[in-house]
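The values are calculated or read from the model by the stated rules, or taken from the named source; none is laboratory data. Just so it is clear, the model here is predicted, and its values are computed rather than measured. Note: ideal-geometry Cβ built from the backbone for every residue, glycine included; neighbour counts use all protein chains shown. Calculation scope for accessible area: heavy atoms of the full protein, side chains included, ligands and nucleic acids excluded. Shrake-Rupley method; radii C 1.70, N 1.55, O 1.52, S 1.80 Å.
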Amino acid sequence: MAITFSGRKLWRIPQRGMLKGVCAGLAQYFDVPVKLVRLIVILSMFFGLFFFTIAAYIVLIFALDPMPEDAVDNVQPSRSVLDEVDAELAAGERRLRAMERYVTSDAFTLRSRFRQL
């Protein structure tokens, strides 16, 4: 059974997966990196959802059909999400550097001393 929403199908991709290809299929369906899906699964197991995560994973193993061999070659990973995240991280780093420059400046020290008076 392949789950279909908005014209896309959710498959297991055992050729690209580590354990039956569920995370690889979810990553391809949601157009995110596989490592991100795997990280979310591992973190959910550590933060109190261990049995739910294992049960959902097992259900998805049996509920999803494996992606056909000929369709695996046609799937191209998308870099758009990674580019957006990279741009956000770069902007955050610039803001952090500006804050660091201000906090270590003489103007900040002077203002904080006036506030203490």
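Kindly sort I13, I61, I40, I54 by accessible area of their heavy atoms, largest first, with the probe set to 1.4 Å.
Details: I13 0, I61 35, I40 100, I54 60 Å².
So the residues, ranked largest to smallest area, are I40, I54, I61, I13.
Collect residues whose amide H, placed 1.01 Å from N in the peptide plane, falls under 5 Å from the amide H of R12; neighbours closer than 5 in sequence don't count.
D65, M67
For the chain, modelled as a Gaussian network with Cα springs under 10 Å, which listed residue fluctuates most, D86, D106, D31?
Highest fluctuation among the options: D106.
For the chain, what is the mean residue ellipticity at 222 nm derived from helices alone (per DSSP H run of n ≥ 4: -39500 (n - 2.57); sum divided by total residues; nearest 500 deg cm²/dmol)?
Computed mean residue ellipticity for the chain: -20000 deg cm²/dmol.
In the full protein assembly as shown, how much of M99 is accessible to a 1.4 Å probe, in Å² to the nearest 10?
M99 has an accessible surface of roughly 120 Å² with all protein chains in place.
From the P(r) of the chain, can you give the percent of Cα pairs sitting at distances over 25 Å? Walk me through the intermediate numbers first.
Values: 3127 of 6786 pairs.
The answer is 46 percent, as a whole percent.
Select from V34, V103, V59 the residue whose mean-square fluctuation is largest in a Gaussian network model of the chain (Cα-Cα springs shorter than 10 Å).
Largest GNM mean-square fluctuation: V103.
Which of the listed residues, P33, I54, S44, is farthest toward the dipole's positive end in the chain, when Lys, Arg count +1 and Asp, Glu count -1 at the beta-carbon?
S44
For K9, K35, write out the residues from largest to smallest accessible area, computed with a 1.4 angstrom probe and no ligands counted.
K35, K9
Under a 1.4 angstrom probe, counting protein chains only, how are E100, E93 ranked by accessible area, largest first?
Per-residue accessible area, sorted high to low, gives E100, E93.
What number comes out for accessible area per residue over the chain if the probe is 1.4 Å? Units Å², please.
Heavy-atom accessible area per residue stands at 78 Å².
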